[in-house]
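Sharing a structure, written as structure tokens. Questions coming.
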Amino acid sequence: MGFKIVFTSLLMFMGSLVGIGHAAEPAKELNLYSARHYQTDEALYSDFTKKTGIKINRIEADDNGILERIKSEGEKSQADVILLVDAARLWRAQTLNLFAAVKSKYLEQRIPKNLRAADEADGIPWFGYSTRARVIVYNKATVKKSDVDTYEKLANPENKGKVCTRSSSHPYMLSLVGTLIERDGLLATESWAKAMVANMARSPRGGDTDQIKAVASGECGVALTNTYYFARMMQSNKPDDINTISKIGFVWPNQGSGGVHINISGGGMARNAPHPKEALLFLEYLASDSAQEYLANGNNEWPVVPSVKVENPALKALGTFQAEKVSVAAIGKNQITAQKLLDQVGYK
């Protein structure tokens with residue numbers, strides 16, 4: 001699977017330095033190609049440099065921009081670490097052979113198996129570092145919560161003319177459908193998708209914030225959104241956002257049947273990383289307690305390391321929930337099938 005990094009006793013020692021705050025060799029650096037671009041990540045990178053002495057050079061773009069740049073650079077790419085924000089995108093990078101295979105006992109112990117790429121004989125290509133949930137919002141004046149408390153119910157007749165979503169080609173949609181294929185099977189998911197098309201209030205378009213606003217305005221009765229968009233609006237002091245939130249209800253879907261769909265922000269070592277030791281040290285740092293807190297609080301997400309708890313008012317306001325246990329590797333692998341299925345049923 002391309003470049004292979006083996007976790008040795010030396011790297012175990014280097015990894016331990018992250019936890020106790022000692023510096024690694026001076027004048028070291030790594031090149032980070034990241035689709036994450038949140039202001040709070042500055043503290044994350046500064047903390048790593050402070051603890052290790054390793055300078056981080058950043059290239060930031062959206063996921064497609066990052067992948068296209070690395071593809072065009074080929075073997076001359078200077079990328080050491082690649083960070084992306086969806087299992088579907090991480091899987092795409094893996095199929096393009098952009099990741100090195102990494103063996104790290106620390107990462108395997110810290111990150112649950114369902115939140116990373118499938119184990120390979122020569123290592124693991126990528127790891128999840130923070131999680132987000134795909135939830136349902138509905139118009140409280142026109143829709144009953146009990147009619148929309150599972151993904152499957154969105155396709156029921158009582159929701160005809162009420163459903164709004166992103167386009168079928170967006171990774172968030174592909175990942176959800178990939179989950180449904182894994183949980184409910186291909187035929188059941190195809191029937192669901194056909195019924196979803198019939199239930200649309202409008203042709204799929206816009207981002208998650210657009211879906212939330214359309215539900216509040218009454219254009220849509222129900223929609224899907226990632227939790228951090230909703231949490232961001234809940235925290236807003238803008239009168240329009242306050243008014244929007246007052247009109248919509250919030251649902252943790254499938255709490256008695258498989259759990260809410262979970263996706264990840266994650267990354268791995270680039271296949272042609274010029275600084276592989278520094279790259280591995282950074283990947284291990286991202287699974288440390290302090291980094292997990294930075295990652296989660298930076299975008300109102302949850303840590304992947306089960307022992308790490310964050311004190312985030314926005315997340316607390318959303319309440320507790322049952323999360324699905326579907327492997328994000330399976331979700332990513334299903335994206336091609338998901339796209340074909342959606343195309344076949346006319347899901348735009």
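What ranking of 81, 308 emerges when the number of other C-beta atoms within 10 Å of each C-beta is taken as an exposure proxy, fewest first?
308, 81
Just the Kirkwood number for region 135-215, please: inverse of mean 1/r across all distinct Cα pairs, in Å, one decimal.
Evaluated over region 135-215, this radius sits at 13.0 Å.
Using the Cα centre of region 284-348 as the reference point, and only Cβ charges (+1 on K/R, -1 on D/E), how large is the resulting charge dipole? Debye, rounded to the nearest 20.
360 debye
Sticking with this structure for a sec: What percent antiparallel are the DSSP beta bridges of the chain, to the nearest 5?
60 percent
A further question on this structure: Grab the Cα-Cα distance for residue 69 and residue 97, subtract it from 0.36 nm times how many residues apart they are, and report the gain in nm with one decimal.
8.7 nm
I would also like to ask the following. Listing 196, 234 from the residue with the fewest other Cβ atoms within 10 Å to the one with the most, what is the order?
Starting with the residue having the fewest Cβ neighbours, the order is 234, 196.
Just from the alpha-carbon atoms, what are the Rg and Dmax of the chain in angstroms?
Values for the chain (Cα only, Rg and Dmax): 20.6, 64 Å.
Under a straight-distance cross-link criterion of Cα-Cα below 18 Å, which aspartates and glutamates are reachable from residue 28, leaving out those fewer than 8 residues away in the same chain?
Those aspartates and glutamates meeting the cut-off are 47, 80, 278, 284.
Tell me, in nm to one decimal, what length is gained between residue 343 and residue 43 on full extension, where the rule is 0.36 nm per residue of separation less the Cα-Cα distance?
Numbers: separation 300, 0.36 × 300 = 108.00 nm, distance 4.21 nm.
Result: 103.8 nm gained on full extension.
Follow-up question, since we're still on this one. Ranking request for peptides 173-184, 272-283: highest mean number of other beta-carbon atoms within 10 Å first, then the rest in descending order.
Answer by packing, highest mean first, reads 173-184, 272-283.
OK, next. With charges set only on the Cβ (+1 for Lys and Arg, -1 for Asp and Glu), what does the dipole of the chain come to about its Cα centre, in debye to the nearest 20?
Roughly 520 debye for the chain.
State the extension gain, in nm to one decimal, for the chain segment bounded by residue 147 and residue 170, taking 0.36 nm per residue of separation less the distance between their alpha-carbons.
On the way: separation 23, 0.36 × 23 = 8.28 nm, distance 2.54 nm.
Computed gain between residue 147 and residue 170 is 5.7 nm.
Separate question: Determine, for region 47-159, the count of lysine pairs separated by eight or more sequence positions (or lying on different chains) whose alpha-carbon distance falls under 20 Å. Let's see the in-between values first.
Values: 103/113; 105/113; 140/153; 144/153; 145/153.
Step by step, the pairs that qualify in region 47-159 add up to 5.
Turning to a different aspect of this structure: Listing 136, 82 from the residue with the fewest other Cβ atoms within 10 Å to the one with the most, what is the order?
Listing 136, 82 from fewest to most nearby Cβ atoms yields 136, 82.
None of the figures in this text is laboratory data; all of them are computed from the coordinates on show. This structure is a prediction, so every number in the text was calculated from the model and none was measured. Every residue, glycine as well, gets a Cβ built from its backbone with ideal geometry; the counts of neighbours run over all protein chains shown.
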